[in-house]
Amino acid sequence: MNVREQSPIDGDAWLRSLHADHGPAVYRYLTGLTLGDRATAEDLLQETLLRAWRHRAVLSRDPSGVRAWLFTVARNLVIDAGRARRTRPAEVSPPDLTQVPASGDAMERVLTAGVVREALRRLSPRHRTVLVELYFTENQAADIASRLGVPEGTVKSRAHYALRALRQVLREMES
């Protein structure tokens, strides 16, 4: 069953259809934007779908724009969550690294991933979004451009400047 075939009045069926049609893609997108934090991605997907359900009458009028609307709301929720996280103290203590196996390669990958994750967090939301989309979710520049509502050249330009900013952040973290 497709989203556009549902009456906006039948909210449960509409939401199930919306989740089936778009849920997996939005979840993958959110997982990339949250740097692999699946629990946060699930929470943000749920909030995205809840907002869609609240606006189902409007979204049902133009079914062709539903997917773009979902991705835009999802991206904005990630940005809002990042802002909220920066304004309140961390709720969990750092992981106990003494319990991690001391395998050289595995330990190096864990440390590298942690450094990259922290460096990405320090980038602006625009830069982080483009890098995550291009390199972690492996989307094409044209797809990212249509999802973000910007020209493809803008995505490529942002990627260039984002990589430059990422290099700078990594240099600062080394010193």
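The values are calculated or read from the model by the stated rules, or taken from the named source; none is laboratory data. Because the structure is a prediction, the values reported are computed rather than measured. Virtual Cβ from ideal backbone geometry, glycine too; neighbours counted across all protein chains shown.
Observations, loosely collected:
- For region 126-145, the count of residues that are surrounded by 15 or more Cβ atoms within 10 Å (Cβ to Cβ), over 19 Å from Val26 (Cα atoms) and either modelled with pLDDT of 85 or more or not polar (S, T, N, Q) (or both) is nonzero.
- Contacts under 6 angstrom Cβ, first residue in region 8-28 being assigned by TED's automatic domain parsing to the domain that holds Arg54, partner of a type outside the set (S, T, N, Q) and not in a helix (DSSP H, G or I), 6 or more apart: Ser17/Met1
- Any chance Val169 is modelled with pLDDT of 85 or more, among the hydrophobic types (A, V, I, L, M, F, W, C), more than 22 Å from Asn76 (Cβ to Cβ) and out of contact with any Asp or Glu (no Cβ under 6 Å at 6 or more places or on another chain): yes
- The residue that is modelled with the lowest pLDDT, counting only those in region 72-125 that are among the basic types (Lys, Arg) and in a helix (DSSP H, G or I), is Arg86.
- Within region 54-70, the presence of a residue that is modelled with pLDDT of 90 or more, farther than 15 Å from Arg147 by Cβ and touching a Leu at 6+ places or on another chain (Cβ under 8 Å) is excluded.
- Subset of region 26-35 (residues that are farther than 15 Å from Val130 by Cα and of a type outside the set (A, V, I, L, M, F, W, C)): Tyr27
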